[in-house]
Amino acid sequence: MDNPDNKLNIFAPLANQLRPSALDDFVGQAHLVGAGKMLRRLIDSDNIPSMVFWGPPGVGKTTLARIIARMTRSEFENFSAVQSGIKEVRAVMDKAELAQQWGKRTIIFVDEIHRFNKSQQDAFLPYVENGSVILIGATTENPSFEVNSALLSRCKVFLLYGLNAEEIKTLISRAIAHFEKGMGLTVHIPEKLIAIIAEFANGDARVALNNLEMILNSADQAEGRVTITEALVQQSVTKKINLYDKAGEEHYNQISALHKSMRNSDADAGIYWLTRMLDGGEDPLYIARRVIRFASEDIGMADGNALLLSVAAYQACHFLGMPECGVHLAHAVTYCSLAPKSNAVYKAFNSAMEDSRRLPAESVPLTIRNAPTKLMKELEYGKGYEYAHNHDDKFIAGLQCLPDSLADKKYYHPTNQGREARVKEYLARLEELRRQHNHKNPFRG
């Protein structure tokens, strides 16, 4: 609820009482509404397009939409994804078309637009296309995944960020002044306690103001003075809000951060993102599976123990569960982060898979086929095959194991990292034995 006169409404949450009605009072998002920035210019020129505000909770998406409606002298209609169906959407659209005939513009604000289903979102499309309404959607989820592509293509997406500590401290100071004026009381709160409230809000202005309101209502009052103590603040902000959605974008952002931190040999960052995910409620077995994948994709033959340790961490997670298995995951993440890196096995697999799908399905060379029956032997299955263990090098230089069209193909190219350097030397020795062989492939043809 807007409160342009800044009057205290004891029934409204403090966050609603302080909702600004002008851009000059809006805190945060300077990259959008600061002087000369794009959204500010669009608002000032009264040339607002349909748009989507994408950002975490409590950063001003709804407030900004209301300010735009007020500054552009537009009618404002608020939709709820839970309460509004297609019938309600079309009724408001008809009303907007009528208003347009009288020269009035309508802004449709859809909070949590990602909760509208495809049919509901499609209902907005023709009205956005013909300019009957200006749609402002707000979402905490990635609109690329959650908003219909046809509707999204007609909207400008603006990314909003969590507020920094100084911005939240500004809001807290305003709220205290507002409380003092409305209640006729003086609030005594040390600056360090304001900083604690701001820090633990984790960029969410609504969380900060709700915590402050609870603190103000719980504090001791005497002789017109409200005293805020450190003990009271600590009781109110015991834990930061960990923004994490196991089914949403943050799930993929943070597992990507974990993977890339390990790839960059940054054990500290790897452990941090691991704990962020676990603290957010992620399944430890999911993380363990990703670490196992990493052990072969990014370490491979450079350190074969990485795969063994990662599988062991998975088993520990399966046996123990949380919270005990967290340290085992940290063990695996640390090992993988500090292990020598090679993606040679990963690249070899992808290259071979590409050939397998792209090229004709050639037959297995006769020499390395099995011959369990007399007919197969008569057809020369396995003819000329030699048992590698009968040779000192355990290697037959003239034996071709790939199809003819791929006879000289090399998929695996070892690096000089870790133990893979020894593998590289071994392969070079085998290649030299091939070159010394009198005939490149005596079994071919």
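Numbers below:
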{"read-out": "Qualifying residue in segment 390-402 (condition: outside any loop (DSSP other than H, G, I, E, B), more than 51 Å from the chain's Cα centre (by Cα) and surrounded by fewer than 14 Cβ atoms within 10 Å (Cβ to Cβ))", "value": "yes"}
{"read-out": "Leading residue by the ranking (least open to solvent (accessible area, probe 1.4 Å)) among those in segment 201-232 that are acidic (Asp, Glu) and part of a helix (DSSP H, G or I)", "value": "GLU213"}
{"read-out": "Some residue of segment 117-126 being more than 18 Å from GLY60 (Cα to Cα) and more than 30 Å from the chain's Cα centre (by Cα)", "value": "yes"}
{"read-out": "Single residue of segment 233-253 satisfying the filter (within 20 Å of GLY280 (Cβ to Cβ) and at pLDDT 80 or above) that is most open to solvent (accessible area, probe 1.4 Å)", "value": "TYR252"}
{"read-out": "Selected residue [in a helix (DSSP H, G or I), open to solvent by less than 90 Å² (accessible area, probe 1.4 Å), over 21 Å from GLY300 (Cβ atoms) and touching a residue at least 40 places away in the same chain (Cβ under 8 Å)] from SER351, SER337, SER363, SER405", "value": "SER405"}
{"read-out": "Restricting segment 176-193 to residues that are out of contact with any Lys or Arg (no Cβ under 7 Å at 6 or more places or on another chain) and of a type in the set (Val, Ile, Thr), the residue that is surrounded by the most Cβ atoms within 10 Å (Cβ to Cβ)", "value": "ILE189"}
{"read-out": "Test result for MET277, out of contact with any Phe, Trp or Tyr (no Cβ under 6 Å at 6 or more places or on another chain), among the aliphatic types (A, V, I, L, M) and not in a helix (DSSP H, G or I)", "value": "no"}
{"read-out": "Condition check for LYS104: open to solvent by 30 Å² or more (accessible area, probe 1.4 Å), touching a strand residue (DSSP E or B) at 6+ places or on another chain (Cβ under 8 Å) and farther than 26 Å from LEU160 by Cα", "value": "yes"}
{"read-out": "Residue check, LEU14 at pLDDT 80 or above and surrounded by 16 or more Cβ atoms within 10 Å (Cβ to Cβ)", "value": "no"}
{"read-out": "Qualifying residue in segment 373-380 (condition: surrounded by 12 or more Cβ atoms within 10 Å (Cβ to Cβ) and in a helix (DSSP H, G or I))", "value": "yes"}
{"read-out": "Failed item in (1) hydroxyl-bearing (Ser, Thr, Tyr); (2) touching a residue at least 24 places away in the same chain (Cβ under 8 Å); (3) exposed (fewer than 12 other Cβ atoms within 10 Å of the Cβ), with TYR387 passing the rest", "value": "(2)"}
{"read-out": "Residues located in segment 38-74, provided they are free of Cβ contacts under 8 Å to residues at least 40 places away in the same chain and in contact with a helix residue (DSSP H, G or I) (Cβ under 6 Å, 6 or more places away or on another chain)", "value": "ARG40, ILE43"}
{"read-out": "Any hit, segment 81-99, residues being modelled with pLDDT under 80, closer than 26 Å to GLY203 by Cα and surrounded by 13 or more Cβ atoms within 10 Å (Cβ to Cβ)", "value": "yes"}
{"read-out": "Positions within segment 300-312 being in a helix (DSSP H, G or I) and over 24 Å from the mean Cα position of the chain (by Cα), in sequence order", "value": "GLY300, MET301, ALA302, ASN305, ALA306, LEU307, LEU308, LEU309, VAL311, ALA312"}
{"read-out": "Lone qualifier among SER149, SER153, SER173 - being open to solvent by 30 Å² or more (accessible area, probe 1.4 Å) and farther than 23 Å from PHE79 by Cβ", "value": "SER173"}
{"read-out": "Segment 107-117, residues that are at pLDDT 80 or above and either touching a Lys or Arg at 6+ places or on another chain (Cβ under 7 Å) or open to solvent by 10 Å² or more (accessible area, probe 1.4 Å) (or both)", "value": "ASP111, GLU112, HIS114, ARG115"}
{"read-out": "Unmet criterion (only one of (1) among the hydroxyl-bearing types (Ser, Thr, Tyr); (2) in contact with a His (Cβ under 6 Å, 6 or more places away or on another chain); (3) open to solvent by 70 Å² or more (accessible area, probe 1.4 Å)) for THR139", "value": "(3)"}
{"read-out": "Lone unmet requirement of (1) outside any helix (DSSP H, G or I); (2) farther than 27 Å from ASN16 by Cα; (3) open to solvent by less than 60 Å² (accessible area, probe 1.4 Å) for ASN47", "value": "(3)"}
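Quick grid of which residues meet (1) among the small types (Gly, Ala, Ser); (2) within 19 Å of ASN16 (Cα to Cα); (3) in contact with a Gly (Cβ under 7 Å, 6 or more places away or on another chain):
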| site | (1), (2), (3) |
| --- | --- |
| TYR161 | no, no, yes |
| GLU166 | no, no, no |
| ILE172 | no, yes, no |
| ILE176 | no, yes, no |
| ILE196 | no, no, no |
| GLU199 | no, no, no |
| GLY203 | yes, yes, yes |
| SER218 | yes, no, no |
| GLU223 | no, no, no |
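The values are calculated or read from the model by the stated rules, or taken from the named source; none is laboratory data. What you are looking at is a predicted structure, and each value in this text was computed from that prediction instead of being measured. Glycine gets a Cβ as well: all are built from the backbone with ideal geometry, and neighbour counts include every protein chain shown. What goes into the accessible areas is simple: the full protein's heavy atoms, side chains included, and nothing from ligands, DNA or RNA. Shrake-Rupley method; radii C 1.70, N 1.55, O 1.52, S 1.80 Å.
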